[in-house]
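A.B. asks: Dropping the structure in here first, questions after.
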Amino acid sequence: MSQNPTDTFSVTKAETSKIASVDFENLAFGNVFTDHMLYCDFTDGQWGTPVITPYAPMPMDPSSRVFHYGQAIFEGMKAYKDEQDAIWLFRPDQNLDRFNKSAVRLAMPEVPEHIFMEGLKQLINLDKEWVKKGKGNSLYLRPFMIATGHGVIASPSAQYRFMIIMSPAKSYYQGEVKVLIAEHYSRAANGGIGAAKAAGNYSAQFYPTRLANEQGYQQVIWTDDATHTKLEEAGTMNVFFKINDTLYTAPTSERILDGVTRKSILELVKRDNIKLEVRSVLVEELLTAANDGSLKEIFGAGTAAVINPIVGFAYQDTYYELPKQENPIALQIKDKLTNIQHKLAEDTFGWTVKI
Ligand SMILES: *Cc1c(COP(=O)(O)O)cnc(C)c1O
């Protein structure tokens, strides 16, 4: 099937823009959406014409499968505007690849590359005024797919809708993040869907996270479901530990999401000769390191916040405060990564892709 992808898109532009009503200096994450959205329906075994329309609610049948059996996956990525007004994506191929792996795991159809990539490109170009220059500013991109087939029948849907919505984002100080190490609840299990970016992974996290919140912790550090001895992820982010001079992060597995930020950090620290070990850190090791002073830092890594430094953690009934660092590696890495994303440092990896 050869066709010019740009010809296959149906585009209806918004008559007016909402942009003048948006306070770009005081954006709460993920609350405001741009003027346009994209959708593309899958029926009879094939994808239809991608449609770009003004952002609006959409009618859905109450029996749509997504409401009953949770076939829903998503991605989170960002677009950045450089000083010359060019707009860049960061490793979008990785997001497409992961999206389609999630689709396979949830028995959903894979989305063709041209719909995903060309869809992002056309949508961003239409709403390019929404991408603000300057470090910390970005346009958060949310591709997702839901099962739209009708009927409360517990089997995979025959109809799906792929969509992209976009939200302007500003990096903001998140306050001090303290975490609680999970002893009972799990985010993921072997054979489960933890490695997919599936909506259900998030809903399952809300209750244990709320319990942690009630005890004064903002996030949960998830441990392996079988033994609760291996430290795996921090909230919805991959997690890194600095013990003495070495950085540690767990290998990806069926229980750990293969984060683009995580894998980029691994390449960055290798380039810069920072000591790194990709292996599981045990709760016991963490407690020993916290007690003898060799534990220097803990941070989460993910697209939305990039790096989220953690100030302390609790395990059972004991709280361990991390020592204050002069020049934390977490912030050094964040700076290097965001400089590449904003085209303020040379991208020696070829990660950035111009729109
Ligand atoms: C999305 C996500 C991450 C971070 O992935 P990035 O590609 O870096 O944004 C980490 N853990 C979980 C559970 C996630 O859902």
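A.B. asks: Could you check D93 against (1) open to solvent by 20 Å² or more (accessible area, probe 1.4 Å); (2) touching a Lys or Arg at 6+ places or on another chain (Cβ under 7 Å) and say which number it fails?
C.D. replies: Unmet condition: (2).
A.B. asks: Does at least one position in segment 322-342 carry a residue that is within 27 Å of H184 (Cα to Cα) and not assigned by TED's automatic domain parsing to the domain that holds D82?
C.D. replies: Yes, there is a match, as at least one residue in segment 322-342 is within 27 Å of H184 (Cα to Cα) and not assigned by TED's automatic domain parsing to the domain that holds D82.
A.B. asks: Can you go through T16, T49, T53 and tell me which one is polar (S, T, N, Q) and not in a loop (DSSP other than H, G, I, E, B)?
C.D. replies: T53
A.B. asks: I'd like to know if segment 112-130 contains one or more residues that are aromatic (F, W, Y) and under 17 Å from the mean Cα position of the chain (by Cα).
C.D. replies: The answer is yes; a qualifying residue exists.
A.B. asks: Considering only residues of segment 316-355 that are surrounded by 13 or more Cβ atoms within 10 Å (Cβ to Cβ) and β-branched (V, I, T), which is nearest to L247 (Cα to Cα)?
C.D. replies: I329
A.B. asks: With segment 207-313 as the region, which strands (runs of 3 or more DSSP E) entirely inside it contain at least 3 residues that are buried (at least 21 other Cβ atoms within 10 Å of the Cβ) and either of a type outside the set (A, V, I, L, M, F, W, C) or within 17 Å of the chain's Cα centre (by Cα) (or both)?
C.D. replies: Here the list reads 219-223, 230-234, 237-243, 295-302.
A.B. asks: Looking at S167, S203, S155, can you tell me which residue is within 16 Å of the ligand (Cβ to nearest atom) and either part of a loop (DSSP other than H, G, I, E, B) or crowded, with 17+ Cβ neighbours inside 10 Å (or both)?
C.D. replies: Just one listed residue meets the conditions, S167.
A.B. asks: Looking at A79, is it touching a Leu at 6+ places or on another chain (Cβ under 7 Å) and either surrounded by fewer than 19 Cβ atoms within 10 Å (Cβ to Cβ) or not hydroxyl-bearing (S, T, Y) (or both)?
C.D. replies: Spelling it out, A79 is indeed touching a Leu at 6+ places or on another chain (Cβ under 7 Å) and either surrounded by fewer than 19 Cβ atoms within 10 Å (Cβ to Cβ) or not hydroxyl-bearing (S, T, Y) (or both).
A.B. asks: Separate question: Among (1) more than 30 Å from A345 (Cβ to Cβ); (2) in contact with a helix residue (DSSP H, G or I) (Cβ under 7 Å, 6 or more places away or on another chain); (3) of a type in the set (D, E), which single condition is E75 missing?
C.D. replies: The failed condition is (1).
A.B. asks: Also, quick follow-up: Filter segment 237-282 down to the residues that are in contact with a Leu (Cβ under 8 Å, 6 or more places away or on another chain) and near the ligand (Cβ under 10 Å from one of its atoms) and list them by number.
C.D. replies: N238, V239, T261, S264, I265 - these are the residues of segment 237-282 that are in contact with a Leu (Cβ under 8 Å, 6 or more places away or on another chain) and near the ligand (Cβ under 10 Å from one of its atoms).
A.B. asks: Here's something else I'd like to know. So which residues in segment 293-321 are without any contact (Cβ under 8 Å) to a residue 60 or more places away in the chain and either of a type in the set (A, V, I, L, M) or not assigned by TED's automatic domain parsing to the domain that holds L276 (or both)?
C.D. replies: L295, I307
The values are calculated or read from the model by the stated rules, or taken from the named source; none is laboratory data. Treat the numbers as computed from the prediction; the structure is a model and nothing was measured. Please note: Cβ atoms are built from the backbone with ideal geometry, for glycine as well, and neighbour counts cover all protein chains shown. Areas reflect the complete protein model, heavy atoms only, side chains present, ligands, DNA and RNA absent. Shrake-Rupley method; radii C 1.70, N 1.55, O 1.52, S 1.80 Å.
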